[in-house]
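Each remark here refers to the structure printed beneath this line.
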Amino acid sequence: TVGCVALDSYGNLAAGTSTGGMTNKKYGRVGDSPIIGAGNYANKQVAVSCTGWGEFYIRTVAAYDVAAQLSYSSAISTEAAAKAVIEKIGALGGDGGMIVLDHNGQVAMPFNTEGMYRGTITKEGKIDVRIYKD
Amino acid sequence: QMKQPTYVLAIHGGAGTILKKNMSDALEQAYRVVLEQSLHEGYQVLKGGGTSVDAVAAAIRVMEDSPLFNAGKGAVFNHKGENELDASIMDGKTLLAGAVAGVQTIRNPIMAAKAVMEQSEHVMMVGRGAEEFAATKGVEIVDPSYFWTQPRWDALQRILKRDAEKTELDHGAPQTQLAKPNDEKFG
């Protein structure tokens, strides 16, 4: 699965997710990637794209959960909201990660697997690419 | 506390059993090149005054066109030995969204999802109908064989040999490994 979240110069956010699903899937199985709110979500406050074991992201409505936490409480940070969702997925037995970008340009990229291909670019064009756990 | 820089774009290329010990320097470098290219393409859109929606689509297209990632060209195989692709996109400004699922002939599913969002009154289309809609909107259609890659085919054969009922996530064991372990008995 691949994904992207972006913040444009007008202050607007967007999120996208694309996938080939799971190897050896049957019966037209569909994961979270094409499901708005599960594997992908964006509003005026935050944009989220997920990757991992799709069934868990669907059942936890993972991407929307991050947005909901931020809209319900101004006390919670984007990073804390994202981490809480990944922890919830982990507690249920699922794994994977997500990328989150808020309207202030703050980013969070939590995951509970050995690695996640990920990268960021700042307003000034500084690129940072990471693969493994730090 | 140091202030975090202002980010304008972030990407992921999947999560899973991705370990340094299983990765050659050349393969790691190949991943880094595509990830950087994806960031660069998205950034260029933003830098030119483009929208976040267009930036997202541009960044994802790069990864869909790479055989390294489980999307587009590098998609995994289903039980029948076919590729079935899904994608979605959402515009935070308008809360409009578009998605496609189970498509087999759309080169860049993210562009089909974008077309659904921008050029239809619907949010999700699946299978043949989604492909037909994408074609009418000028989204590139390819033969299903375009998505075939050796590592993903080998991954399917490995699973079928071991347990035909088992499924495997993106980076559960596959092409990031240098070589197949000699001993696959665990536990």
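The values are calculated or read from the model by the stated rules, or taken from the named source; none is laboratory data. Being a predicted model, the structure only gives us computed values, none of them experimental. Counting neighbours? That spans all protein chains shown, and the Cβs are built from the backbone with ideal geometry, glycine included.
So the values come out like this:
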item: Leading residue by the ranking (surrounded by the most Cβ atoms within 10 Å (Cβ to Cβ)) among those in the stretch B:1-59 that are over 24 Å from B:Ala97 (Cβ atoms) and among the small types (Gly, Ala, Ser); result: B:Gly16
item: A:Asn12 vs. criteria within 7 Å of chain B (Cβ to nearest Cβ), touching a Lys or Arg at 6+ places or on another chain (Cβ under 6 Å) and crowded, with 16+ Cβ neighbours inside 10 Å; result: yes
item: Counted residues, the stretch B:112-168 - those being farther than 30 Å from B:Asp91 by Cβ, part of a helix (DSSP H, G or I) and among the hydrophobic types (A, V, I, L, M, F, W, C); result: 5
item: Test: B:Ala55 is of a type in the set (Gly, Ala, Ser), in contact with a strand residue (DSSP E or B) (Cβ under 9 Å, 6 or more places away or on another chain) and closer than 23 Å to A:Tyr132 by Cα; result: no
item: Qualifying positions in the stretch B:14-43 - aliphatic (A, V, I, L, M), part of a helix (DSSP H, G or I) and within 7 Å of chain A (Cβ to nearest Cβ); result: B:Leu35, B:Leu39
item: Inter-residue pairs, beta-carbon under 8 Å, first at the interface with chain A (Cβ under 7 Å from one of its Cβ atoms) and under 14 Å from A:Gly119 (Cβ atoms) and in the stretch B:44-72, second in a helix (DSSP H, G or I) and modelled with pLDDT under 95, 6+ apart; result: none
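Residue-by-condition table, conditions (1) within 7 Å of another protein chain (Cβ to nearest Cβ); (2) over 18 Å from B:Gly92 (Cα atoms):
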residue: A:Thr17; (1), (2): yes, no
residue: A:Thr23; (1), (2): yes, yes
residue: A:Lys44; (1), (2): yes, no
residue: A:Ser49; (1), (2): yes, no
residue: A:Ile76; (1), (2): no, yes
residue: A:Glu79; (1), (2): no, yes
